[in-house]
Amino acid sequence: MAEVNLDRLIDEMAAAVHSDRNAQNARFWRPQPPWARGNWRGLPALQMDGQVPFIVEPDISLWSVILGLDIARYWSDPRAYLAGQLQINLHKFKVFRDNTYFTGEVTPWPGVVFELSLFGIPVVWHEDRGPWIASEPVLKEYADLDKLEIPDFYKSGLMPRVHEFYARFNELVKDRLPVIFPDWVFGPFGVAMHLRGMQNLLMDTILNPEWVQRLLRFIMEAHKDWSKARARFIGQPITKAKLYNDEIDGNVISPELYQSAILAYEQELSAFHDGIVYFHSCGNLTKLLPVIKQIPNLEMLHVSPWTDVEKALELFAPEVAFDVCLDPVADVIEASEEQMQGKLAYLVNTLRGKAAFSIRADAFQVMNDHPQEDYQKVRRWCEIARKVTGQE
């Protein structure tokens, strides 16, 4: 990544935060805790008529093409990470012109491997995409659970890197922007699945369900301990939770398994955090929605491209807001303009006035030898979205 003037980027971001257009975007969203993770998700306000908010969020692999980011340096150098985060936000503000509401928050979040690293799962860093974990599970035998230790807020996994980046971010921004310490958002069952391996854990729910409950209880206590340590470190109370739950997928687990083995821990998580501001799963939640509805104080539900939006509307509206996500390939990259418009119009006509919702196009990755063409397709989608959502 070419050197950039970091002070200039900070000043530009501060100007965007205080701009008239950002103030206009604010009207789409309700107050919520700091996001404390990558890829901001706003809590939509109910729009009875008129305009509807939309969000665009490419994956880091496509951002590297758009902005010339050096991905390896981005994840390893605090200054490069901060500069890249600001460049991404400013590109969204100036070029995509979506309805992201900027408060200026910057967060040294080390990617989706963050929570998994706390339990000793090795992290693999890539030069062309975000980090991921090694394929070998940590819990190869049942007895391995007894060897696990509650993560240390300062020493476990990627925590030393997070503390280093957090301190460096604060030095660099000099109080001109708020620096937010990352939060634990990975769901208990998702952590368990990666510690044990998906196939192994699903078999365990049949062959040794008591052990699965011991594992989930251990993860819950680790989450609580870590969250209390974070609150002490930043000097602020524990906020409502974000529950990233891609492993809760109706194509993988049954409603019966979810109800009997997993739900109680998510209800406990809601009680501990005094609510869940966001439930996320990129899986198909349609047949799991009645179980999810039993989680108390849920404020926003992610409706993936494979989840039935009308079923979600029937069960959750108007009390729960929706983060409605498109299929980045079928609905944008490979879609004609008529198909883009048709899908957007269907969502707007189905949901407007009945639920608080936003429409999200995200996860755009480098999938072929012509990423610039995909980028132009994303920009064209933004233009169409502005018209269909009533903003032009």
Check your understanding: From the residues in the range 297-316 that are closer than 19 Å to L344 by Cβ, among the hydrophobic types (A, V, I, L, M, F, W, C) and crowded, with 17+ Cβ neighbours inside 10 Å, which one is farthest from the chain's Cα centre (by Cα)?
Key -> L313
Exercise for review: Could you tell me whether D323 is surrounded by 15 or more Cβ atoms within 10 Å (Cβ to Cβ), touching a residue at least 24 places away in the same chain (Cβ under 8 Å) and not in a loop (DSSP other than H, G, I, E, B)?
Suggested key: yes
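Going by the structure shown, is K293 basic (K, R), surrounded by fewer than 19 Cβ atoms within 10 Å (Cβ to Cβ), closer than 14 Å to V185 by Cα and at pLDDT 95 or above? Reasoning before the result, please.
Values: basic (K, R): yes; surrounded by fewer than 19 Cβ atoms within 10 Å (Cβ to Cβ): yes; closer than 14 Å to V185 by Cα: no; at pLDDT 95 or above: yes.
So K293 does not fit the description; no.
Looking at the range 38-68 only, could you name the residues that are over 18 Å from D98 (Cβ atoms) and either out of contact with any helix residue (DSSP H, G or I) (no Cβ under 6 Å at 6 or more places or on another chain) or of a type in the set (K, R) (or both)? Reasoning before the result, please.
We begin by selecting, within the range 38-68, every residue over 18 Å from D98 (Cβ atoms); these are 46, 48-49, 61, 64-65, 68.
Within the range 38-68, L46, M48, D49, S61, G68 qualify.
Table: residues versus (1) aliphatic (A, V, I, L, M); (2) more than 27 Å from K174 (Cα to Cα); (3) at pLDDT 95 or above.
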{"residue": "L90", "(1), (2), (3)": "yes, no, yes"}
{"residue": "D98", "(1), (2), (3)": "no, yes, yes"}
{"residue": "T103", "(1), (2), (3)": "no, no, yes"}
{"residue": "W109", "(1), (2), (3)": "no, no, yes"}
{"residue": "L116", "(1), (2), (3)": "yes, yes, yes"}
{"residue": "E136", "(1), (2), (3)": "no, yes, no"}
Exercise for review: Would you mind finding the one in I133, I180 that is in contact (Cβ under 8 Å) with a residue 60 or more places away in the chain, over 30 Å from Q376 (Cα atoms) and surrounded by fewer than 20 Cβ atoms within 10 Å (Cβ to Cβ)?
Suggested key: I133
Study note, to complete from the structure: Going through (1) surrounded by fewer than 18 Cβ atoms within 10 Å (Cβ to Cβ); (2) within 16 Å of L288 (Cβ to Cβ) one by one, F233 fails only at (2)
Review point. How many residues are among the β-branched types (V, I, T) and closer than 15 Å to A26 by Cβ if we restrict to the range 79-118?
Key: 2
Study note, to complete from the structure: Given (1) more than 22 Å from E57 (Cβ to Cβ); (2) in contact with a strand residue (DSSP E or B) (Cβ under 8 Å, 6 or more places away or on another chain); (3) not aliphatic (A, V, I, L, M), D146 misses just (2)
Practice item. Quick one: count up the residues across the range 9-34 that are out of contact with any Ser or Thr (no Cβ under 6 Å at 6 or more places or on another chain) and more than 20 Å from R97 (Cα to Cα). Key: 3
Exercise for review: Considering only the range 267-307, state which residues are in a loop (DSSP other than H, G, I, E, B), under 30 Å from R230 (Cα atoms) and among the hydrophobic types (A, V, I, L, M, F, W, C).
Suggested key: C282, I295
Exercise for review: Give the number of residues within the range 1-38 that are exposed (fewer than 15 other Cβ atoms within 10 Å of the Cβ) and of a type in the set (S, T, N, Q).
Suggested key: 3
Study note, to complete from the structure: Those residues of the range 130-165 that are in a helix (DSSP H, G or I) and not aliphatic (A, V, I, L, M) come to a total of 9
Point to revise | Any chance N170 is polar (S, T, N, Q), at pLDDT 95 or above and within 22 Å of V112 (Cα to Cα) | key: no
Review point. Of all residues in the range 231-259, which are part of a strand (DSSP E or B) and either β-branched (V, I, T) or in contact with a helix residue (DSSP H, G or I) (Cβ under 8 Å, 6 or more places away or on another chain) (or both)?
Key: A241, L243, Y244
Revision key, fill the gap. By residue number, the members of the range 335-372 that are over 19 Å from Q51 (Cα atoms), touching a helix residue (DSSP H, G or I) at 6+ places or on another chain (Cβ under 9 Å) and either part of a helix (DSSP H, G or I) or among the β-branched types (V, I, T) (or both) are E337, Q339, V366, P371, Q372
Review point. Tally time: how many residues in the range 8-53 are under 21 Å from the mean Cα position of the chain (by Cα) and either outside any helix (DSSP H, G or I) or under 15 Å from A355 (Cβ atoms) (or both)?
Key: 20
Review point. What is the one condition in (1) surrounded by 17 or more Cβ atoms within 10 Å (Cβ to Cβ); (2) out of contact with any Phe, Trp or Tyr (no Cβ under 7 Å at 6 or more places or on another chain); (3) not in a loop (DSSP other than H, G, I, E, B) that E115 does not satisfy?
Key: (2)
Study note, to complete from the structure: Given (1) surrounded by 17 or more Cβ atoms within 10 Å (Cβ to Cβ); (2) closer than 22 Å to V185 by Cα; (3) more than 20 Å from the chain's Cα centre (by Cα); (4) touching a residue at least 40 places away in the same chain (Cβ under 8 Å), F272 misses just (1)
Exercise for review: Tell me, please, whether a residue that is within 21 Å of the chain's Cα centre (by Cα), touching a residue at least 24 places away in the same chain (Cβ under 8 Å) and surrounded by fewer than 16 Cβ atoms within 10 Å (Cβ to Cβ) can be found in the range 159-176.
Suggested key: no
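The values are calculated or read from the model by the stated rules, or taken from the named source; none is laboratory data. Keep in mind it's a predicted model, so treat the numbers as computed, not measured. Don't worry about glycine lacking a Cβ; one is built from the backbone with ideal geometry, like all the others, and counts go over all protein chains shown.
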